[in-house]
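Student: Pasting a structure below so you can have a look.
The values are calculated or read from the model by the stated rules, or taken from the named source; none is laboratory data. Predicted model, so just to flag it, every value in this text is computed and none were measured. In this analysis, Cβ positions are derived from the backbone assuming ideal geometry, glycine residues included, and neighbour counts consider all displayed protein chains. Ligands, DNA and RNA are stripped out before the accessible areas are found, and what is left, the full protein with its side chains, is counted by its heavy atoms. Shrake-Rupley method; radii C 1.70, N 1.55, O 1.52, S 1.80 Å.
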Amino acid sequence: MQRYIIAIDQSTSATKAVLFSEQCFVVNRINVAHKQYYPRQGWVEHDAEEIYQNTVSAIRQVVEKVKSELPTDEEVHFSIAITNQRETVVVWNRLTGKPVCNAVVWQCQRGAEICNSLKEQGYTEMIKEKTGLIIDPYFSASGVKWILDNVEGARQQANRGELLLGTIDTWLIWKLTEGKVHATDYTNASRTLLYNIHTLDWDNELLSLFTIPHTMVPKALPCDAVYGDTTVEDVFSEPVQIAGVLGDSHGALAGQMCFEPGMGKATYGTGSSVMVNIGENAVLAPEGLVTSVGFAAQGKVFYAFEGNIHCTGATIKWLVEKLRLIESPAVIEQLALSVSDNGGVYLVPAFAGLGAPWWNSHAKAMICGMTLGTETGHICRATLEAIAYQVKDLIDLMTCNAGVDLKELRVDGGPTKNKLLMQFQADMLDAPINRSDVEEASAMGAMLMNGLARGLWKDLDEVARLRTTDNRITPTMGMEQREQLYTGWKEAVKMVNI
């Protein structure tokens, strides 16, 4: 018998079905894009019905393809896991099964006035204490309140107990189980501004604050739970299990197997997402960072600090497209290696202001320290070093406040192919960098939770041993040189932080 796990990776732009063998190898993947709606400036919507239909289509395609490649008499067993774009929220009628409007996407700003009002009323600290989050339309609650306040008849339906809410995982589970299961996992719940991360329950005070009836919220379960059964609209002749659910960033943390406190993951892209496992205590994050449930498995809940950097890969793109200093991102490492060091040049990529730990939205980008001896190589090197400095800024903030040491940073994304950058990152953190060859880190995390839920693996230690590649880069720089370089970075930041 062939056994497979289909991990649904439902992202902001598309729905992907990733077919894994139970030996953790990617067998196939199908990607189906969905439309983005921008009805007003600052508003972003998705059609939840389209996302569901695309999910069914992706599953059907991946199942048909694998079956076509097996002998006709070969027995095949499937199960389904889900990882999803976080914070995007759907409100639907449980009697008709229809959304009352399009989904409010995490990028949407329609809840800004609601959030500003709560800040003005002094609720910032109370909400952060309970949820680990800041008051922002990025999170789901203000989107739900806006729907109830502005969609005709929605408030009345909600008061009658007819409406349900959920992040995309919840919506897909409800649809796939034909309305039998209204559930989410702890990680997605922890991104709504309605969930108390200490009690692991929906908070009545927060629900009241956002005027959301308790009857609307789903049941919250650990990531490694069995959520229900589905035939996926008769794709399967017999029901298969839905097991293993978590938000996409949390999926990457689990997929990178950061199961121990002090282990973190960084995804290098246009910007960079950094998340560090801080253990089983929900420590409040420093200003501008958030605390969320990292993942919940095997009867334990691990929390994480999370922060985002605006410009990492985007800075390299700027060198190519705007400054036209280099022909392509591929040549930056070669040029950076043409000089022995940065020559005293620092680039502070505050193109969208300074984020954590500086928090100055008015700051502007700057290159400083240039002389008549400055070459293209120095600026290229300063660009790569700036990426590593920004990650260090966040990691230092996280580990100091959590009282943990960084054991290892597991990294993914295109820029991780740059050996100079990765070595410099290890040197700045004074900790090992471990480059992943897993392209589908979020889907991998959901797949691992699926296996734990179904007893395929007995515990996290057994799962951790499944990581067969070890592309570790260890620090080689001395403390004095590291401190000297980092002091130069901080001095450069001061110049723009005025």
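Student: Where the centroid of each part is defined by its Cα atoms, how far is segment 188-250 from segment 288-334 in Å?
Tutor: That distance is 27 Å.
Student: May I ask you to list the GluC sites (Glu not before Pro) in segment 309-404 that are in a DSSP loop and have at most 12 other Cβ atoms within 10 Å of their Cβ?
Tutor: Those that pass, being in a loop and sparsely packed, are 327.
Student: Right, another one. With 28 Å as the limit, write out which pairs from 35/145; 145/392; 322/490 have Cα-Cα distances beyond it, or answer none.
Tutor: Cα-Cα > 28 Å for 145/392; rest within.
Student: In debye, nearest 20: dipole of segment 218-333 around its Cα centre with unit charges on the Cβ of K, R (+) and D, E (-)?
Tutor: Approximately 460 debye in magnitude.
Student: Also: Taking Cα atoms, how many degrees apart are the long axis of helix 441-453 and the longest axis of the chain, rounded to 10 and kept between 0 and 90?
Tutor: 50
Student: Turning to a different aspect of this structure: For segment 310-341, state which trypsin sites (Lys or Arg not before Pro) are in a DSSP loop and have at most 13 other beta carbons lying within 10 Å of their beta carbon.
Tutor: 322, 324
Student: Which value, in debye to the nearest 20, gives the size of the charge dipole of the chain about its Cα centre, when Lys and Arg are +1 and Asp and Glu are -1 at the Cβ?
Tutor: Working: 43 positive and 59 negative charges, 150 e Å.
Rounded to the nearest 20 debye, it is 720 debye.
Student: Further question: Taking the alpha-carbon distance from residue 180 and a cut-off under 23 Å, which lysines remain once sequence neighbours fewer than 8 residues away in the same chain are dropped?
Tutor: 98, 219
Student: When DSSP assigns beta bridges and you keep just the ones with both residues in the chain, what percent turn out antiparallel, to the nearest 5?
Tutor: 70
Student: Give me the distance between the Cα centres of segment 40-114 and segment 1-34, rounded to whole Å.
Tutor: Using only Cα atoms, the two centres lie 13 Å from each other.
Student: Tell me, what % of the accessible area of segment 216-309 is carbon and sulfur with a 1.4 angstrom probe?
Tutor: Looking at segment 216-309 in its full context, I get 45 percent from C and S.
Student: If I compute Cα extents along the principal axes in Å from the structure I just sent, which labelled value in (i) 82, 60, 43; (ii) 66, 50, 44; (iii) 72, 62, 41 lines up?
Tutor: Only one listed value fits the structure, namely (iii).
Student: Measure nothing fancy, just the Cα-based angle from helix 376-402's long axis to the longest principal axis of the chain, in degrees from 0 to 90, nearest 10.
Tutor: Orientation of helix 376-402: about 60 degrees from the principal axis.
Student: In the chain, with Lys and Arg counted as +1 and Asp and Glu as -1 at Cβ, which of these residues, 498, 14, 72, has the Cα nearest the positive end of the dipole, that is, farthest along it?
Tutor: Looking along the dipole axis, the top candidate is 498.
Student: What number, rounded to the nearest 500 deg cm²/dmol, is the helix-based mean residue ellipticity at 222 nm of the chain, given -39500 (n - 2.57) per DSSP H run of at least four residues and division by all its residues? Don't jump to the answer; show the numbers that get you there.
Tutor: Values: 16 runs with 169 residues, N = 498.
Here the helix-only value at 222 nm equals -10000 deg cm²/dmol.
Student: With every protein chain left in place, what is the accessible area per residue of the chain in square angstrom, probe 1.4 Å?
Tutor: 41
Student: Assuming R0 = 60 Å, can you tell me the calculated FRET efficiency for the pair residue 36 and residue 72, based on Cβ-Cβ distance, to the nearest 0.05?
Tutor: Taking R0 as 60 Å, the efficiency between residue 36 and residue 72 is 0.90.
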